[in-house]
Amino acid sequence: MRRPLIAGNWKMNLDRTTGTALALDVVAGCAGRAGVDVVLCPPFVYLEAVGSTLRGSAIGLGAQDLYHEASGAFTGEVSAAMLLDVGCQWVIIGHSERRQLLGETNGSVLAKVRAALAAERNGHTLTPIVCVGETLAERETGRTQEVIRSQFAESLAELSEGEFARVVLAYEPVWAIGTGRVATPDQAGEVHADLRKQVADRYNAAVASEARILYGGSVKPENAGQLFAQPNIDGALVGGASLKAADFLGIIAATA
């Protein structure tokens with residue numbers, strides 16, 4: 001049985017004081033809770049502070065992005081090795097906001113995925129959370145399946161079975177991110193089921209059965225339970241609701 005995963009993407013929010021306080025509240029709220037993986041993904045500048053707060057707990061630390069090169073003259077960028085150095089275990093790659101606002105392509109996402117999978121430091125590795133998702137226009141013109149299949153095929157091209165086994169997928173419909181709109185459980189479940197079919201077609205049924213696929217897009221405690229009841233939804237990549245401990249903990253509780 002796949003273990004649920006709830007990842008909080010803080011995006012460009014909070015400061016050091018509020019971020020560490022939020023992390024403390026999440027640690028306290030998850031104490032004694034088993035059966036679910038929880039990850040916090042603060043902005044780059046707060047990774048070390050939040051990581052120190054999480055140290056010794058079961059809560060994982062993740063970054064919101066990385067650069068595909070290992071080092072060099074790339075002003076403003078952050079490498080996979082740097083993320084490992086500050087204690088990251090997870091990294092979000094290809095978030096729909098970065099695809100839409102910053103022009104990330106399937107090719108650049110693939111390069112970042114390969115960089116994340118290649119990184120290792122003192123026996124520690126990074127798990128990439130790779131995002132796919134369609135725009136409202138693409139959904140309304142009936143292109144959802146075509147777009148998601150293309151993103152899956154090209155953003156994860158030629159990964160070996162072993163490499164893919166280290167990847168978490170996240171379906172994030174662009175039209176539901178930060179809008180208050182959310183895909184219905186059936187809509188989300190349909191895309192998740194097709195993603196799992198894509199995994200099975202590329203690899204095999206066993207790999208597909210183990211792959212974790214998250215839903216992201218205005219997830220709240222009020223709708224989390226219905227989403228998680230879908231057989232192919234294995235958790236959530238949470239945006240706005242991850243900025244309030246009570247809401248984030250409510251979503252985590254919905255996995256039980």
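Read-outs: derived from the displayed coordinates by stated rules, not from any lab. What you are looking at is a predicted structure, and each value in this text was computed from that prediction instead of being measured. Positions of Cβ are generated from backbone atoms using ideal geometry, with glycine treated the same way; all protein chains shown enter the neighbour counts.
In table form, for the structure just shown:
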{"quantity": "Exposure proxy ranking, count of Cβ atoms within 10 Å, fewest first, for LEU24, LEU54, LEU159", "calculated": "LEU24, LEU159, LEU54"}
{"quantity": "For TYR67, residues with placed amide H under 5 Å, excluding near neighbours", "calculated": "VAL78, SER79, ALA80"}
{"quantity": "Segment 216-250 and segment 120-144: distance between their alpha carbon centers, rounded to Å", "calculated": "17 Å"}
{"quantity": "Sequence ranges 41-51, 65-75, ranked by mean other-Cβ count within 10 angstrom, highest first", "calculated": "41-51, 65-75"}
{"quantity": "Distance from segment 2-62 to segment 156-208 (C-alpha centre basis), Å", "calculated": "24 Å"}
{"quantity": "Reachable lysines, given that their alpha-carbon falls under 23 Å from the alpha-carbon of LYS244 and they are not under 8 places away in the same chain", "calculated": "LYS11, LYS220"}
{"quantity": "Value of relative contact order over segment 104-256, rounded to a whole percent, pairs C-alpha under 8 Å and six or more apart", "calculated": "20 percent"}
{"quantity": "Amide H contacts under 5 Å for LEU5, placed H, 5+ residues apart", "calculated": "ASP37, GLY235, ALA236"}
{"quantity": "Protection-proxy order for peptides 101-107, 114-120, 197-203, 6-12, each taking the mean of Cβ atoms within 10 Å per residue, highest first", "calculated": "6-12, 114-120, 197-203, 101-107"}
{"quantity": "Integer Hz, Karplus 6.51/-1.76/1.60 couplings in order for segment 204-219, x for Gly and Pro", "calculated": "6, 5, 5, 5, 4, 5, 8, 5, 9, 10, 9, 10, x, x, 6, 6"}
